[in-house]
């Protein structure tokens, strides 16, 4: 039963109050036709809960922008929503289409800085793989009553394929209910080829201003965290509080091995106490054992990456060395589930912190 404006409504009560359900929730398809945004497509998702976002069917059904009550939840890069035809796969060309956004998918066979893997393809692998620039097929965007819930669903398929090589298919479903301030992503990856393939899959989530600001806190409970340059272990003091924009800043990358609660779920939060606004991520540790955490606090590119995945963003060599490089066999299917939600008000921020801390303690006692 939807919770709208502080009150629960039955489906019949909602129908009596609106002329069309688009008044309170729904999706709308459109086309981006100017400049290098041509081909990215657009699906606008509206929810009276205050959480609204835009999905790009031409860019792997990724979430290019998101707002809550008019406040942006993510960083927006200066490239705009570059269409797939403008992809530059060599080296760091991926950055020419890095609009950032709330969710940008990396993989499926590679993610990390450009490198050559002599044990697999033995050719240069471009930054963060091809997935983000693969257009979706069989796209459906609709909303319907399912029992007491009015459910928004977006579905589609992306294939990473090359003759004599990789043949992976990703089926994605994004779901959100009327009145809720959260949505879920369910990704199903199947190896349709005849040979095994590396499987490197990461959700590159990119919080930005005003959620990201000086003093914003990162909530992550980790069994072990290392930094990227020397692969040395670090503590929360290195990453848990956001600094102000700097004239000249360098990248900081941390690799967390997150702890799960009793149900096997990892909870990560980004909390802005001044605004009383937070964003959280929830995912099963069995599917997603790594949390990559990128910080770049420079003027004009004031951004953070919260990046859950089945591997680190440090490439094939690092993941092979540390035992995180996975392969998917012919005919094998892997599932990935991610929930992202908004926390509104100091009470919800405190409750989230308490829930996560207590859940981790109970998880350790299993």
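Values quoted throughout were computed directly from the atomic coordinates according to the rules given, and no laboratory measurement underlies them. Everything quoted here is computed from the prediction, not taken from an experiment. Note that each Cβ is placed from the backbone with ideal geometry, even for glycine, and that neighbours are counted across all protein chains shown.
Taking the chain as a Gaussian network of alpha-carbon nodes connected by springs under 10 Å, the highest mean-square fluctuation of the residues 343, 211, 192 belongs to 192. Relative contact order, whole percent, for the range 3-364 stands at 15, derived from Cα pairs under 8 Å and 6 or more residues apart. From least to most packed, judged by other beta carbons within 10 angstrom and beginning with the fewest, 74, 52 follow the order 52, 74.
Kirkwood hydrodynamic radius of the chain, from the reciprocal of the average inverse Cα-Cα distance over all distinct pairs: 21.1 Å. For the range 1-50, taking the reciprocal of the average inverse distance between every pair of different Cα atoms yields a Kirkwood hydrodynamic radius of 12.9 Å. For the range 88-149, the Kirkwood estimate of hydrodynamic radius, built from reciprocal distances between every pair of different alpha carbons, is 13.9 Å.
Note on the range 123-166: Cα-Cα pairs beyond 15 Å make up 63% of the total pair count.
Contact order, relative form, for the range 258-354: 30 percent (alpha carbon pairs under 8 Å, 6 or more residues apart, mean separation divided by residue count).
Helical content alone sets the calculated 222 nm signal of the chain at -3000 deg cm²/dmol, taking -39,500 (n - 2.57) per DSSP H segment of four or more residues and averaging over every residue.
Would you mind classifying the range 1-113 by shape? Square roots of the alpha carbon gyration tensor eigenvalues, ordered a ≥ b ≥ c; an a/c under 1.5 is rounded, otherwise it is prolate if a/b is larger than b/c and oblate if not. Prolate, since a/c reaches 1.5 and a/b exceeds b/c.
Taken as Cα centroids, the range 57-134 and the range 210-226 sit 23 Å apart, rounded to the nearest whole angstrom. Between 164, 53, 254, the residue with the greatest mean-square fluctuation in the GNM of the chain (Cα pairs under 10 Å linked by springs) is 164. When the alpha carbon gyration tensor of the range 257-298 is reduced to an equivalent ellipsoid, the three semi-axes, largest first, read 23, 15, 6 Å.
Of 275, 178, 127, which has the largest mean-square fluctuation in a 10 Å C-alpha GNM of the chain? Of 275, 178, 127, the Gaussian network model singles out 275 as fluctuating most. In percent, rounded to a whole number, the relative contact order of the range 204-270 is 44, using alpha-carbon pairs under 8 Å and six or more apart.
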